[in-house]
1. Can you pull out every residue in region 59-76 that is modelled with pLDDT of 90 or more and either in contact with a Phe, Trp or Tyr (Cβ under 8 Å, 6 or more places away or on another chain) or not β-branched (V, I, T) (or both)?
2. Got a number for residues in region 76-88 being assigned to a loop (DSSP other than H, G, I, E, B) and open to solvent by 90 Å² or more (accessible area, probe 1.4 Å)?
3. Of everything in region 53-75 that's closer than 16 Å to L123 by Cα and of a type in the set (G, A, S), which residue is most open to solvent (accessible area, probe 1.4 Å)?
4. Checking A133 against (1) hydrophobic (A, V, I, L, M, F, W, C); (2) without any contact (Cβ under 8 Å) to a residue 24 or more places away in the chain; (3) under 20 Å from T13 (Cβ atoms): exactly one of these is not met. Which one?
5. Hey, among V116, V91, which residue is surrounded by 15 or more Cβ atoms within 10 Å (Cβ to Cβ), in contact (Cβ under 8 Å) with a residue 24 or more places away in the chain, in a helix (DSSP H, G or I) and out of contact with any Gly (no Cβ under 7 Å at 6 or more places or on another chain)?
6. Taking the residues in region 17-52 that are farther than 30 Å from D140 by Cβ and under 19 Å from the mean Cα position of the chain (by Cα) as candidates, determine which candidate is surrounded by the most Cβ atoms within 10 Å (Cβ to Cβ).
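The values are calculated or read from the model by the stated rules, or taken from the named source; none is laboratory data. These figures come from a predicted structure and were not determined experimentally. We place every Cβ from the backbone using ideal geometry, glycine too, and count neighbours over all the protein chains shown. Heads up: the accessible areas ignore ligands, DNA and RNA and are worked out on the full protein's heavy atoms, side chains in. Shrake-Rupley method; radii C 1.70, N 1.55, O 1.52, S 1.80 Å.
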Amino acid sequence: MAETLGSLCDKLTVVKLKQWHTTEPDRTESLQAQARQLCQEIDDFVRSASSGSVALDRLTFASNKVYKKEGNATTAPAGTIAEVFSRLATVNCQLWHEQEKVYEFEKVPPEDKNAVVKQIALLNLERTECIDAIDRMFRDTLAGKN
């Protein structure tokens with residue numbers, strides 16, 4: 001996948017989640033380095049795109065999810081780039097906690113298993129919608145459409 005602003009934002013939120021949930025010194029140090037690197041990549045990407053060094057058509061890389069739309073409704077991301085980035089962070093937090101249930105799936109009551117799997121699927125859809133929205137909004141801003 002080509003790196004986009006949305007994909008870099010997604011990676012940064014995941015690294016921040018890992019930082020929050022780890023206490024191991026070596027892992028903490030590695031995650032701090034990853035967070036710094038991703039912040040630098042985001043700054044460099046925005047600077048390059050703003051200066052025209054990145055073509056507008058390379059600012060998006062749509063996920064093109066293929067799935068049954070009926071019964072899989074999600075909330076479309078709305079607001080500014082920062083608001084959608086905030087929504088992406090929230091979705092990734094929710095996804096993290098749902099995924100934690102899967103690591104000990106045998107402890108999930110049978111009547112709740114389908115709901116856990118469904119929630120993970122819906123959160124993943126919303127996550128990719130946020131990433132795509134950040135990319136489109138950034139492209140449109142640079143193209144003067146916003």
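1. Across region 59-76, the qualifying residue is only L59.
2. Final tally of qualifying residues: 0.
3. Only one residue tops the list, namely A73.
4. Unmet condition: (2).
5. V91
6. L31
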